[in-house]
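S.K.: Provided herewith is a single structure, encoded as structure tokens, for subsequent inquiry.
The values are calculated or read from the model by the stated rules, or taken from the named source; none is laboratory data. What you see is a predicted model, and the numbers here were worked out from it, not measured in a lab. We place every Cβ from the backbone using ideal geometry, glycine too, and count neighbours over all the protein chains shown. Heads up: the accessible areas ignore ligands, DNA and RNA and are worked out on the full protein's heavy atoms, side chains in. Shrake-Rupley method; radii C 1.70, N 1.55, O 1.52, S 1.80 Å.
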Amino acid sequence: MKCILVASEGAEVLFYWADSDFLASLQQRFGAHDQSGDEPPALEDSINTLFAPVIISCMTLLEKLGDTYSCFSAENGKHLYVLHMFGECLYIAVNGEGSESEDDLRRKLYVLRRLTEAHFGLVTLDSHLIRRELRPVDSEQRAHVWRLFQSLLETYSRLRHEDQSFLVEAVERLIHPQLCEQCIEFLERQVVQHINGSPDRAGHEVEHAFLLVHTKLLAFYSSRNASSLRPADLLTLLLIVQDLYPSNTSEEQNGLQLSEDKPGPQQLHSSESIPVKSSSPNEAPQDQVGTLCVAVKGPSWCQGLASGFGL
């Protein structure tokens, strides 16, 4: 049973994500209370009812004492709650099965905060604006925003179990000088120039571009006037890319094992055999060997960065 919640000072739910076990528990707890035959309360209302006492008590302690609790467990020892204030928004992570520690839950909260910063940019610094962006008035738009972040959190949880770089929070880089040099040249002369020359960019030039093989960095290009990217920025981008284009490493490893058992004439023996550019910019290779990511300069750095990934 897992849940992540973002709430305002007034105990309004700005965002939530919950797994199927947590949702089933909510349905059992609140859906069976209605004896009049009416429809059970909406899921969002049930979550608001469940967490309202925690949110209000946390805010009351903060107002009266200038401090509040950051972690507590329920009396039966099954449910662990981790809380953190980012600005005027309260982030809460819950685990009811003992599969995550306090540190794991706190990392989730920081990852969610990083994702909101990458998506909304400087808006996250204003408590009123971030509330409006996280919880739009229009229900369809709100559902779209929430699905986006819910999907990212699910991808992060998957990568924490499957990928070493996300487990230790470090960017892994593939070391192959000759191939990296070819890829950087390809990025600069083909991709970057093509995008910068497009009238749709409205003068927003590419600042960073890189090639990934699954979650590993193969080649990286930065323009002369580009600001530096921190490892946390790269990990955030890797997470977004994996959410948009998830890697199926298990199938590829099985295919690699079969190719090793039965070598054929199509097998690559050197990096020079790997194509780094096609004959036409409109042609795409049939076998995708990597992912291309491009960051452009926008109204704010984070917002422009996220726009390159369709967020």
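S.K.: Between Asp103 and Ala24, take the C-beta separation as r, use R0 = 25 Å, and let me know the FRET efficiency to the nearest 0.05. The partial results should precede the final answer.
M.R.: Values: r = 27 Å, r/R0 = 1.08.
Using R0 = 25 Å, I get an efficiency of 0.40.
S.K.: Segment 201-249: percent of C-alpha pairs farther apart than 18 Å?
M.R.: That tail contains 37 percent of the Cα-Cα pairs.
S.K.: Can I ask one more? Send over a whole-number figure in Å² for the accessible area per residue of segment 54-100, probe 1.4 Å.
M.R.: Using a 1.4 Å probe on heavy atoms only, each residue of segment 54-100 averages 53 Å².
S.K.: What ranking, highest mean first, results for peptides 15-26, 105-116 when packing means the other Cβ atoms within 10 Å averaged over each residue? Show your work: numbers first, answer last.
M.R.: Values: 15-26: 17.0, 105-116: 19.7.
Highest mean packing first, the order is 105-116, 15-26.
S.K.: Can I ask one more? Could you bin all the Cα-Cα distances of segment 52-205 into 10 Å bins starting at 0 and give me the percent of pairs in each, rounded to whole numbers?
M.R.: 8, 24, 30, 22, 10, 6, 0
S.K.: Okay, next question. Short version: ³J(HN,Hα) in whole Hz for each residue of segment 124-130, in order, from phi by Karplus 6.51 cos²θ - 1.76 cosθ + 1.60 (θ = phi - 60°), x for Gly and Pro, what are they?
M.R.: Couplings: 5, 7, 10, 5, 5, 5, 5 Hz.
S.K.: Please report Rg over Rh for segment 1-131, where both radii come from the alpha carbon positions and Rh follows the Kirkwood definition. List each step's numbers first, then the result.
M.R.: Details: Rg = 15.4 Å, Rh = 15.7 Å.
Ratio of gyration radius to Kirkwood radius for segment 1-131: 0.98.
S.K.: Rounded to the nearest percent, how much of the accessible area of segment 41-179 (1.4 Å probe, protein heavy atoms only) is carbon and sulfur? Walk me through the intermediate numbers first.
M.R.: On the way: 3960 of 7500 Å².
Ligands and nucleic acids excluded, carbon and sulfur reach 53 percent.
S.K.: Hey, rough spin-label estimate for Arg189 and Glu162, points 7 angstrom out along Cα→Cβ, what's it come to in nanometres?
M.R.: It works out to 3.6 nm between the two label points.
S.K.: Further question: How large are Rg and Dmax for segment 123-244 when only the alpha carbon atoms are used, in Å?
M.R.: Every Cα atom of segment 123-244 included, Rg and Dmax give 17.5, 52 Å.
S.K.: Let me ask another. Can you bin segment 100-156 into rounded, prolate or oblate? Criterion: square roots of the alpha carbon gyration tensor eigenvalues sorted a ≥ b ≥ c, rounded for a/c under 1.5, prolate for a/b above b/c, oblate for the rest. Can you show the working numbers first?
M.R.: Details: a/c = 2.38, a/b = 1.48, b/c = 1.62.
Taking the square roots of the gyration eigenvalues as a ≥ b ≥ c, segment 100-156 is oblate.
S.K.: Can you pull the Kirkwood radius for segment 125-184, inverse mean 1/r over Cα pairs, to one decimal in Å? Please list the in-between numbers first.
M.R.: Details: mean 1/r = 0.0669 Å⁻¹.
For segment 125-184, the Kirkwood estimate is 14.9 Å.
S.K.: Residue by residue, what Karplus-based ³J(HN,Hα) values in Hz, rounded to whole numbers, does segment 71-87 have, using 6.51, -1.76 and 1.60 with θ = phi - 60° and x for Gly and Pro?
M.R.: Computed from phi, the couplings for segment 71-87 are 7, 7, 10, 6, 4, 6, x, 8, 9, 10, 10, 10, 10, 8, 8, 10, x Hz.
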